[in-house]
Amino acid sequence: MTRVKICGIQESSDALVAAQAGADFVGVVFVPTARRRLDEDRALRIVSTLREKVGTPPRVVGLFADQPIGEVNRIVRHCGLDMAQLCGSESLEYCGEVGVPVIKVLHVSDSPAVEEAVALLSQAALALRERGHLVTLDRKVGGLQGGTGQAFNWNIARELSMKGLPFLLAGGLTPENVGLAIRAVRPWGVDVSSGVETGGVKDKKKIRAFIRAVQNTAALIEKAKSRQ
């Protein structure tokens, strides 16, 4: 089944909705310049609420970008995070110093040269995978490191998927288009933030609709496979 990450969670109630709907991961943001940034105590309350009220809670992922490794590990420990997502230009060596499993974001440019982009991303994704890290593919818009709600060329992601590289697909996904994205790309997982918001705030109906669309699409794909 396709994994689901609901990112940019700011309220415990939204985290619970995501968990109850079947999310595998929820993301909380610690990037200093990010709009959805949380303070540590608020993030800790979200983590605690999930573990108190959900039998098998989703893994809580903290998002960071080019922050000192000591700061990252301190926040991870204080908030009891399960994973860290690194959204900046962190090196392989940096990834290896994080005290929990890592999701590394690879940013996809607007370059029309699909083959060139696939070659570069394949090399980076393989190096990360060899060290046990997960990968997210997202579009970088200007100086923003994700969370923009803008998609990139899915042909690039599809080529990587065909090479057998697992990744989370991010960027411009919504309840309306995530099924199409899964059918076209066949990613290991999908990651959404802006696409489940209304007016910049998480929308519980959209969270449920997004996860339901993923589950329905994955079930249809499995059903089709069983007929082959």
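The values are calculated or read from the model by the stated rules, or taken from the named source; none is laboratory data. Only a predicted model underlies this, so the values are computations on that prediction, with no experimental measurement involved. When we count neighbours, we look across all protein chains shown, and the Cβ atoms used for this are built from the backbone with ideal geometry, even at glycine.
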ask   = For the stretch 77-119, how many residues meet the condition of being under 17 Å from the mean Cα position of the chain (by Cα) and either surrounded by 13 or more Cβ atoms within 10 Å (Cβ to Cβ) or more than 23 Å from residue 191 (Cα to Cα) (or both)?
value = 19
query = Mind checking which residues of the stretch 9-36 are within 19 Å of residue 103 (Cα to Cα), of a type in the set (Gly, Ala, Ser) and touching a Leu at 6+ places or on another chain (Cβ under 8 Å)?
reply = 27, 34
key: Conditions (1) within 19 Å of residue 191 (Cβ to Cβ); (2) outside any loop (DSSP other than H, G, I, E, B); (3) at pLDDT 95 or above: number failed by residue 174   = (2)
query = Failed condition for residue 31, given (1) over 30 Å from residue 216 (Cβ atoms); (2) surrounded by fewer than 16 Cβ atoms within 10 Å (Cβ to Cβ); (3) out of contact with any Gly (no Cβ under 8 Å at 6 or more places or on another chain), with all others met?
reply = (2)
key: Lone unmet requirement of (1) in a helix (DSSP H, G or I); (2) surrounded by fewer than 22 Cβ atoms within 10 Å (Cβ to Cβ); (3) hydrophobic (A, V, I, L, M, F, W, C) for residue 211   = (2)
task = Identify the single condition in (1) farther than 17 Å from residue 138 by Cβ; (2) polar (S, T, N, Q); (3) in contact (Cβ under 8 Å) with a residue 40 or more places away in the chain that residue 12 does not satisfy, given that it satisfies every other one.
result = (3)
